[in-house]
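Rule-based calculations on the coordinates, nothing more; no lab input. Since this is a predicted model, take the numbers as computed values, not measurements. Ideal geometry is used to build each Cβ from the backbone, glycine not excepted, and the neighbour counts take in all protein chains shown.
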Amino acid sequence: MRVWMLAAASLTAGAADLPVRQVILYKNGVGYIERAGTLAAGESARLEFKAGDMNDVLKSLVLIEKGGGKVAGVRYDSMEPLDRKLAEFPFRIEGQAPVAKILDQFKGARVEVGIGGQRTSGVLVGARHFASEKQPEKQEATLLLDSGELRVAELGAAVSVRFLDPGVERKFKDYLALVAESRAGDRRSLYIDSTDRAAREITASYTLPMPAWKASYRLLFGDAADALLEGWAIVDNTTSDDWINVRLALVSGRPVSFISRLYEPKYISRPSAELPEDQAAAPVLFESLVDDVRKAGVETAPAAGAPPSPLRMLAQRRAAEAPARESVPSTAAVSTETREVGEWFEYRFSQPVTVRRHESAMLPFLQQKIAARKLLIYSGDARPNPTTAAELSNSSGKTLDGGPITIFDSGAYAGEALMETLKSGDKRLIGYGVEPGVRVSSKTDSKSQIVREVRLNRGILTTKTARADSKTYTVRNSTDKARLLIIEHPIRSGFTLISPKPVETTNNFYRFELKLPPAATTSLSVEEEYVFDTSTSIANLTMDALLVYVRNKSLSETARRQLEKMAELKRYIAAEDAEIRRLQAEIDQMVQDQQRIRENITSLNRVTGQQDQVQRYAKQLADQESRLAALRDQQSAARGKKQALESELNRLIETAAF
């Protein structure tokens, strides 16, 4: 039954494909595709995409018709599951189902059955498929003819079966079309309809998820001072379309791009609202019957206490919100702006490019001589041998996108490197090997600290001290060629470079150039200074510590006199303190002597004939008491003098400032 098998194909007739004309690839994971073509009158354009690409297509699709035509709309395959789509049909076609089983679902439909040269039409009463041991498989359809006659048609002998009802035929074709589309799997079709009845040109452009294009370079050194730089772009056509003679451009930029789920149907939860139910009429109550009615359990609620219906509540809420909505102005403003995208740059190929679907290509976008010099780079103590490197000056007039670069020297492979994006006129160092014929060693030396500045404020003495550090690089060139070495000296936080002056400064390094004669040793000394502040309370400093600050040459004469006065007062205080300690020691010794004398007197009083000795001890004890009183007076005077000196020192400390 060929009529049935061709039903699905008729649905897509009149849809034309638009070939790809232009492709622009970016670094942010998307690509811009432009298609264009001529469509005949009444013809729709058909585009095919992966299901995962539909979100980007629906978000970015732009359609232009030349010649005055207008786009009527865009149709595309829904993402509903096939079973859910087929469930809407009143019939079901299962796999390997016989014709009789399919027809039996269309009882009441008008059909035409062709057997041999005869065609019979009528209303389908039913169809059956049966088989037995005595009789082979058989399929029959029973038709009610216009004459009222029931006729049985042998479906096994039929050459065609056709639905005479256009509505039934359309549903049957739609069913088969959905089944045919499901075989495409991940593919989705999009149709562009137009109101124009004449031939017209149409352009469709959109973005798709695409691999970022990549750049790689070859740097060829020869005998000349410059070098030849070749740039190759690697592009991947992951689409299902061939790019035949397309205009290709590569943009090294990252426009903002995101995924918005437009392809997936979005269902919004809605509130439920119902009309109020009609209530049964309550009996009319008269005053004389109120008590009896209450006893019977019949009560009526006052109208004011009845809750409003859900529909009325919704209407009231909308009425309350309406003024607020009307007072909010529109935030949508149409604005266009022409601007220069300074950070992006584009490589556009002048000749058409062909890349087949699911293939990749490597296309040359640069071949030009640029200024380059070979040198060595030493970047630290991790390895004694410097890196073989080249300094590239981008004189191509183009921005070079970052990527790997392979270096060839005198026709031989020399190494590989990575190059960051290089704008026109900029320079970049690339390292691609190790030079074993040159060794670098370094030695660090810290010199004595020098007090650069002394400040005093409210008793706090702050000193600014400088510490000089020196690092000497010693380079041994064992080769027979003169070389140029760049030493990258790390920039340390808090340190200031004194000498020598660097040729370049990066975020992390000072760069110094050092010419290396053949078979010779050369050195470079880098001087740095670290300045730091130290604060201390001047009251805690000794006289000797103050005198050290007094001798500092950075002090002003006023500051020097103030510190000298403080040192002098501290010396007087120290002298009085020493006197107090000396007197205390003498007092302590005298107290011990008095204790010993008292013990002797007590012992002698027990012995007869020792009165003279007791008298002598008593006189000695009396003399010591007089001396002890004098010592205590002297100690008290010393304490008073010390206290006066300390008060004077404290006043000086509080008021002194420089």
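Roughly how many nanometres apart are two label points built 7 Å out from the Cα toward the Cβ at S272 and N28?
Once both label points are built, they end up 4.6 nm from each other.
Taking θ as phi - 60°, what are the ³J(HN,Hα) couplings along segment 32-47 by the Karplus curve (6.51, -1.76, 1.60), each to the nearest whole Hz, with x for Gly and Pro?
9, 10, 10, 10, 8, x, 9, 10, 6, 4, x, 8, 9, 8, 10, 10
Treating each Cα of segment 110-164 as an identical point scatterer and ignoring solvent, apply the Debye formula and state log10 I(q)/I(0) at q = 0.16, 0.27, 0.30 Å⁻¹.
So the normalised log intensities work out to -0.47, -1.07, -1.22.
Write down Rg/Rh for segment 486-600, rounded to two decimals, with Rg from the C-alpha atoms and Rh from the Kirkwood relation over Cα pairs.
My calculation puts Rg/Rh at 1.43.
Neighbouring Cβ atoms within 10 Å as the yardstick, rank I192, I601, I234 fewest first. Working shown, then result.
Numbers: I192 24, I601 18, I234 15.
If I rank by nearby Cβ atoms, fewest first, I get I234, I601, I192.
Taking the alpha-carbon set of segment 183-274, what are its Rg and Dmax in Å?
23.5, 92
Give me the count of lysine pairs in segment 438-540 whose alpha carbons sit under 24 angstrom apart, restricted to pairs 8 or more positions apart or on different chains.
Here the count comes out as 10.
FRET efficiency for E453 and L621, Cβ-Cβ distance as r, R0 = 56 Å, nearest 0.05?
0.35
At R0 = 25 Å, how high is the FRET efficiency between K59 and N245 if r is their beta carbon distance? Nearest 0.05 is fine.
0.35
At F408 and R84, where each label point lies 7 Å from the Cα along Cα→Cβ, what is the point-to-point distance in nanometres?
Inter-label distance under the simple model: 5.9 nm.
Quote to one decimal, in nm, the extra length available between E201 and A51 on full extension: 0.36 nm per residue of separation minus the C-alpha distance between them.
On the way: separation 150, 0.36 × 150 = 54.00 nm, distance 2.70 nm.
Difference between extended and current length: 51.3 nm.
Suppose each label sits 7 Å from its Cα in the direction of the beta carbon; what would the M590-S350 distance come out to in nanometres?
Taking the simple label geometry, M590 and S350 are separated by 11.6 nm.
Take the Cα atoms of segment 548-655, build their convex hull, and give its volume per residue in Å³.
Working: hull volume 10.1 nm³, N = 108.
Each residue corresponds to 94 Å³ of Cα convex hull volume.
For segment 110-164, calculate the relative contact order in percent as a whole number, restricting contacts to Cα pairs under 8 Å that are 6 or more residues apart.
40
Treating the beta-carbon of each Lys and Arg as +1 and of each Asp and Glu as -1, no other charges, what is the dipole magnitude of segment 110-164 about its Cα centre, to the nearest 20 debye?
Numbers: 7 positive and 7 negative charges, 17 e Å.
The dipole of segment 110-164 has a size of about 80 debye.
Using a Förster distance of 45 Å, how high is the FRET efficiency between D544 and K515, based on the Cβ-Cβ distance and rounded to 0.05?
The pair D544/K515 has a calculated efficiency of 0.30.
What do you get for GluC sites (Glu not before Pro) in segment 128-169 restricted to DSSP loop and a cutoff of at most 11 other Cβ within 10 Å of the site's Cβ?
Hits after loop and neighbour filter: E133, E137, E149.
Assign one of three labels to segment 438-540, namely rounded, prolate or oblate, based on the Cα gyration tensor with a ≥ b ≥ c the square roots of its eigenvalues; rounded applies when a/c is under 1.5, prolate when it is not and a/b is larger than b/c, and oblate otherwise.
prolate
Using 0.36 nm per residue of separation minus the Cα-Cα distance, give me the extension gain between T38 and A574 in nm, one decimal. It would help to have the intermediate numbers written out before the result.
Working: separation 536, 0.36 × 536 = 192.96 nm, distance 10.88 nm.
Residue separation times 0.36 nm, minus the Cα-Cα distance, leaves 182.1 nm.
Test of the criteria: in segment 523-627, which trypsin sites (Lys or Arg not before Pro) are in a DSSP loop and have at most 13 other Cβ atoms within 10 angstrom of their Cβ?
Values: sites: R551, K553, R560, R561, K565, K570, R571, R581, R582, R596, R598, R606, R616, K619, R627; in loops: R551, K553, R606.
Within segment 523-627, the qualifying trypsin sites (Lys or Arg not before Pro) (loop, at most 13 other Cβ atoms within 10 Å) are R551, K553, R606.
I need the shape label for segment 377-490. Rule: rounded when a/c is under 1.5, else prolate if a/b > b/c, else oblate, with a, b, c from the alpha carbon gyration tensor.
Numbers: a/c = 4.10, a/b = 1.87, b/c = 2.20.
Oblate, since a/c reaches 1.5 and b/c is not below a/b.
State the answer as a single residue: which of N245, L220, I259 lies farthest towards the positive end of the charge dipole of segment 206-269, with beta carbon charges of +1 for Lys and Arg and -1 for Asp and Glu, about the Cα centre.
I259
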